[in-house]
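Here is the structure we will look at.
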Amino acid sequence: MPNIAYIGLGSNLGERAELIARAADMLINAPGIEVLRKSSIYETLPLGSVNQPNYLNGVLEIATILGPSNLLGVLLEIENKLGRTRTGPDNSRTIDLDLLLYADKIINEPGLIVPHPRMHLRSFVLKGLSELSPQLIHPLIKKTVSVLQSRLNGGDYFTDKSKPQLIEMAGVIAVGKTTLASNLRGSLNARLIAEAYDTNPFLAKVYAGKHDLALDSQLYFLMTRVEQLSSIKSGEIAIADYVFEKEFIYAKRLLDPQQCDLYCRINNGVSNSIAQPTLLIYLKDTPQRCLERIHLRARPYEQKIEPAFLEELFEDYQSLVAQWQKSPVITITVDGFDCRDTTKTDELAKEIKFYLA
């Protein structure tokens, strides 16, 4: 019985569209392969800061009686016939044929890894897969390709072992960021970086209404976060219970225009050394439920927080995540996900590992 497989096609040299069409025709005519559907062809930028021509990319859905190794052999043969070279100063290619998925198989052999090990980081792959089969499930990550695509916001990413592996948390006050970060720390063998709210000498006074100290409070947070995020070593896994960009959210809400302008200039001057996130986890819950947790945890300086302020923060975080381009984003709706449940957090940790180097 034939198996369903998915092939990624790409070209950024020569007559790109013609080469992709020729590769598809050669697959149509290959023994043991039936091409079922073709995605649209998308033009994409080359991955990373490289001086290369843009790519054209697409995906084919096929049915095949060939085993994975034999299918890979056919793909390599077509690449060779169409002038693919694997040596040179860059990674440009006349044609690139990748075996993305083969049924629900998990294969890890020399020269053959299925699912493709970086497909969940590539919008140009997931866009074509989602067009053809949006409910197709990644055999390892256990999420649909449409969910995986939504995590990238149209971006393409790669992992780098030489850089800090920073996971940041985003979400409204009391949504569960610190609890989740603390529970993930052990599963990921990671360093926990916690927001220094308990040592901020200005925070309680600001929440009590002394708005003239808001700039002092923001600058205190800024300096502690820069110190924390610039201390992460190459290759080290760290989990911060905040996202650095929340600085601008709170500055906009708490500072007057002159203070905000000064704050942003200082921020831009001191934040160059911080580690960039490898992954953002966005915890999402209603402002009302977060307000209930604020009252339950009974931190005195938080008790005067107004529902309207939480509503504004919620909208700000929604906007931040919708425009996020620094890393993939895993969104977790807290209703149905208990950040204290180690079973759930262990499952999440396994998923997170696919986004780390």
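Every read-out reported here was derived from the displayed coordinates using simple, explicitly stated rules and does not represent laboratory data. Just so it is clear, the model here is predicted, and its values are computed rather than measured. Note: ideal-geometry Cβ built from the backbone for every residue, glycine included; neighbour counts use all protein chains shown.
If you plug the beta carbon distance of K161 and N54 into 1/(1 + (r/R0)^6) with R0 = 35 Å, you get a FRET efficiency near 0.80.
The E311 and L45 beta-carbon pair, evaluated with R₀ = 30 Å, returns a calculated FRET efficiency of approximately 0.20.
Here the Gaussian network model covers the chain, with springs between Cα atoms less than 10 Å apart; of D335, D104, D96, D335 fluctuates the most.
All C-alpha to C-alpha distances of region 3-143, sorted into 5 Å bins beginning at zero, yield P(r) values of 2, 10, 21, 24, 23, 15, 6, 1 percent in whole numbers.
Could you compute how fast region 165-355 diffuses translationally, taking Rh as the Kirkwood radius over C-alpha pairs and applying Stokes-Einstein at 4 °C with viscosity 1.567 mPa s? Give it in µm² per second. All intermediate terms of the calculation are to be shown ahead of the outcome.
Numbers: Rh = 17.1 Å.
Taking Rh from Cα pairs, D becomes 76 µm²/s.
Full extension of the chain between K210 and I65 yields a length gain of 45.0 nm, computed as 0.36 nm times the residue separation minus the alpha carbon distance. Cross-linked pairs K246/K304; K233/K284; K127/K326; K127/K163; K205/K284: Cα-Cα separations exceed 22 Å for K233/K284; K127/K163; K205/K284.
Think of region 23-133 as having a plus end and a minus end, set by charges on the Cβ of Lys, Arg, Asp and Glu; of L112, G32, N70, L112 sits farthest toward the positive end of this dipole.
Each of S230, Q259, Y207 was scored by the projection of its Cα onto the charge dipole of region 163-269, and the greatest displacement toward the positive side belongs to S230; charges sit on the C-beta of Lys, Arg, Asp and Glu.
Estimated at 0.36 nm per residue, the fully extended path between L140 and E292 surpasses their Cα-Cα distance by 51.0 nm.
Residues considered: S182, S11, S162. Largest GNM mean-square fluctuation over the chain, using C-alpha springs under 10 Å, is found at S162.
Can you pull the semi-axes for region 101-260, root of five times each eigenvalue of the Cα gyration tensor, sorted largest first, whole Å?
Listed largest to smallest, the semi-axes of region 101-260 are 40, 18, 14 Å.
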